[in-house]
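A short worksheet on the structure shown next.
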Amino acid sequence: VQLQASGGGLVQPGESLSLSCVASGSISSPNSMGWYRQAPGEERDLIGFVTDKGVTNYADSMEDRFTISRDSAKNTVFLRMDRLKPDDTALYYCNLREQISHYWGQGTLVTVSS
């Protein structure tokens, strides 16, 4: 299984940005797809995930500025981020979790700066 994330870039504070991640290969069910982020010098933190049944869960620490959605037919997960802040600057990683295995994408950099 391979994950390919895209959509990162440089945005100004207050703007919105959407990321996407496509999974390819032999994917088993049940599974969930989600997003993590890692700021410079920090640990990788969970943002949230969505199951293959469409149920979403967000980390308690995440604000409601983040929205995760999924197109299961295309094995694609999305992350929409609104009202971005400089503290949101990080590498954003997508993740696919099956019953036994889990896989990571390569990370896409989001920089929030004026």
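The values are calculated or read from the model by the stated rules, or taken from the named source; none is laboratory data. Everything numeric here is computed off the predicted structure, so don't read it as measured data. Note that we place each Cβ from the backbone using ideal geometry, even for glycine, and neighbour counts take in every protein chain shown.
Condition check ((1) within 19 Å of Thr108 (Cβ to Cβ); (2) among the hydroxyl-bearing types (Ser, Thr, Tyr); (3) modelled with pLDDT of 95 or more) across all residues:
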position: Phe49; (1), (2), (3): yes, no, yes
position: Asp52; (1), (2), (3): no, no, no
position: Val55; (1), (2), (3): no, no, yes
position: Asp60; (1), (2), (3): no, no, no
position: Phe78; (1), (2), (3): yes, no, yes
position: Asp82; (1), (2), (3): yes, no, yes
position: Asp88; (1), (2), (3): yes, no, yes
- Task: Just give me the residues in region 15-56 being farther than 20 Å from Val112 by Cα and loosely packed, with under 14 Cβ neighbours inside 10 Å, in sequence order.
- Result: Ser24, Gly25, Ser26, Ser28, Ser29, Pro30, Lys53, Gly54, Val55
- Could you check how many residues of region 80-108 are in a loop (DSSP other than H, G, I, E, B) and closer than 22 Å to Pro40 by Cα? 8
- Flagged in region 71-114 as basic (Lys, Arg) and either within 13 Å of the chain's Cα centre (by Cα) or within 13 Å of Ala5 (Cβ to Cβ) (or both), in numbering order, are Arg80, Arg97
